[in-house]
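The values are calculated or read from the model by the stated rules, or taken from the named source; none is laboratory data. Quantities reported herein were computed from a predicted structural model and do not represent experimental measurements. Cβ placement follows ideal geometry from the backbone for every residue including glycine, while neighbour counts extend to all protein chains displayed.
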Amino acid sequence: MKNLRKINQILLFIIFAFALLYFGSTFLIPFVFGIFFATLMSPFANMTEKVWNNRIFSSTIGTLVVLIVVGGVMYIFVYQMSLFVSDISSIRNEILGLVHNLQDRIMAATNLSLEEQKNIWQNRSENLLNSLESGLTSFLGNILNTAAGFFLVLIYVFLLLYYRNKFSDTILMYIKKSDVEEAKEVLQRISKVVYQYLWGRAKVMSILAVMYYITFLIFDIPYALLLTIFGALVTIIPYLGPFISGLIPIIFSFIYLENVQMAILFTIIIVIEQIIESYVLEPLIIGKEVRINPLFVIIAIVIGGAIWGLAGMILFVPVFAMVKIISNHTAGLKPIGYLFGNTKKAKR
């Protein structure tokens, strides 16, 4: 009977959590982004406060850094995306030229006439291009809406930086005096590892962006800056992100590079860069402690996408990583940390 009651309590808690996340998304999405940016800027704000001895000034400077860096990237991306959408007609002609070239190759290989191929592909290709154009326009509109919400994120960043000590102090109020020092150490370790995850992810994305941009310039791929920003940012979504990040430039290479051998060489280089990003940079920079079980990565992406859409696919993976980190450093939650992670069996 006790076990049944406990199971019911867990199920009710899960249902309540899902309802809270879903109906509170308008507030929670910018707030969680604010937490992430504030966590990244906390060491910088602490350093600035030591020099100037002014909490308002240090919080303002930290918020301005977020505005300049993130806002600058968003502005460049939106501007490049608007250019891309305005040039969609020329891209349509390039794609149709590629299709016609493929039709000639298919006819030479299979004796399937152009008329038969036209009946098969024309409607599909036209529908695909029309869907692409409308989808990009809608995507650009969503980005503009996101940019408008970014100002709310900045307000949260400033307030979280200004009151950054109150959160830890509030937690310590619930701790016995004999355990306060140990609790402080655990909170510091959690903060350090969370910062390591977020800052490490930012560094990996930056290095990948540099590799991408140099490659795009060497092969003279159009919209190199747009593809670089998009390709680096989308890798924050594990598994699905790197696949999209590499696939789109590869498609562009087959559209714009006249030599098929050059397109194949470009594809090989992109694949090598992604291997470096996934199997060299991530373990080296981010570290093993913050890596979570692939099963729960997929679960985080699916649940995040279902509840918060694209923002959930981005945010839920680091949120799960934070849950794992907190669990690994909390005695009663270590089984959850073991379940979420790739670590050895937790000690009893």
Close pairs (7 angstrom Cβ cut-off, 6 or more residues apart or separate chains): assigned to a helix (DSSP H, G or I) in region 162-178, surrounded by 10 or more Cβ atoms within 10 Å (Cβ to Cβ) and β-branched (Val, Ile, Thr) anywhere: Tyr162/Ile56; Leu172/Val180
Exactly one condition in (1) at positive phi; (2) at pLDDT 80 or above is not met by Gly287; state its number. (2)
Looking only at region 218-271, count how many residues are polar (S, T, N, Q), outside any helix (DSSP H, G or I) and surrounded by fewer than 20 Cβ atoms within 10 Å (Cβ to Cβ). 1
Quick one: in region 32-59, which of the residues that are touching a residue at least 24 places away in the same chain (Cβ under 8 Å) and surrounded by fewer than 16 Cβ atoms within 10 Å (Cβ to Cβ) is nearest to Leu154 (Cα to Cα)? Ile56
Region 272-296 - residue that is touching a residue at least 60 places away in the same chain (Cβ under 8 Å) and not in a helix (DSSP H, G or I) and, of those, surrounded by the most Cβ atoms within 10 Å (Cβ to Cβ): Val290
How many residues are outside any helix (DSSP H, G or I) and either closer than 18 Å to Val194 by Cα or in contact with a helix residue (DSSP H, G or I) (Cβ under 6 Å, 6 or more places away or on another chain) (or both) if we restrict to region 297-331? 2
